[in-house]
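One structure below.
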Amino acid sequence: MEAKTLGSATPRKPVLSVSARKIKDNAADWHNLILKWETLNDAGFATANNIANTKISLLSKDEIELESSSPASGEDAGKMHPEYSKELEMLCEELQATLDGLTKIQVKMEKLSSTTKGICELENYHHGKESRRPPLFHTWPTAHFYEVSRQLSDMYGKELCVKRAIVEELAHTADHDLTLSYLSLWLHQPYVESDSKLLLESMLLETGHRAL
């Protein structure tokens, strides 16, 4: 009888090193954080749009009241400034809550970048120069994971600064064109560059979250 051949079963997946597992987890975290950011960004735009519409409506109402009132009643109308509208106040609180959520996400992005940097430093300490060791996954050198994380974190950090300025100014401007500019900036996220999705998808592909 022929001896049974060992290892004829389905090949086992290679066991990932501690560093590789951590980087793979970080890639999944990046994916989830960006999804959460996009969800909050859409919700924030809807709220910002409502603030703009409410502001325009209240400004128009005040103008009509001022034009049709006597000087004495005009004084009273001046007290009814649109910024003190209860509806506007609630919307501003809602937008601030969205900004707080985006801030928490960006803090987590910073932590992911720091963690990845730490992994790179640990790998260098244990294994020496990058050129002397095989990649953790397919082709990327370990340092490239930090470079991508840093790029993404910087993009969203700058975008958060823009959104913070919009939240501070949106309800206080009476300029229609400026209001539209704020809305456009919020929606289109100028600092989240077009290659951000490519960077994320490349990282997911490299770490095995996407099939080759």
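Share of carbon and sulfur in the accessible area of region 117-212 stands at 56%, probe radius 1.4 Å. 3J(HN,Hα) couplings calculated from phi for region 36-44 with the Karplus curve 6.51 cos²θ - 1.76 cosθ + 1.60 (θ = phi - 60°) are, in sequence order, 5, 4, 4, 5, 5, 4, 5, 5, x Hz; Gly and Pro show x.
Placing PHE45, PHE145 in order of accessible area, with the largest value first and a 1.4 Å probe, yields PHE45, PHE145. In terms of distances greater than 28 angstrom between alpha carbons, the cross-link table entries LYS86/LYS158; LYS86/LYS108; LYS86/LYS111; LYS36/LYS117 yield LYS86/LYS158; LYS86/LYS108; LYS86/LYS111.
With a 1.4 Å probe and all protein chains kept in place, how do VAL148, VAL18, VAL107, VAL167 rank by accessible area, largest first? Numbers along the way, then the final one.
Details: VAL148 0, VAL18 105, VAL107 70, VAL167 25 Å².
Ranking VAL148, VAL18, VAL107, VAL167 by accessible area, largest first, yields VAL18, VAL107, VAL167, VAL148.
Spatial offset of region 198-212 relative to region 91-117 amounts to 23 Å, using the alpha carbon center of each.
Accessible area per residue was computed with a 1.4 Å probe on protein heavy atoms; THR139 scores about 100 Å².
Estimated at the nearest 10 Å², the accessible area of LEU178 is 70 Å² with a 1.4 Å probe.
Surface calculation, 1.4 Å probe, protein heavy atoms: HIS144 sits at approximately 60 Å² accessible.
In terms of solvent-accessible area of protein heavy atoms at a 1.4 angstrom probe, what is the ranking of TYR125, TYR191, TYR156, highest value first?
On the way: TYR125 180, TYR191 105, TYR156 5 Å².
Sorted by accessible area, descending: TYR125, TYR191, TYR156.
The values are calculated or read from the model by the stated rules, or taken from the named source; none is laboratory data. Just so it is clear, the structure is predicted and the values come from calculations on it, not from any experiment. Note: accessible area is taken over every heavy atom of the protein model, side chains too, but ligands, DNA and RNA are not part of it. Shrake-Rupley method; radii C 1.70, N 1.55, O 1.52, S 1.80 Å.
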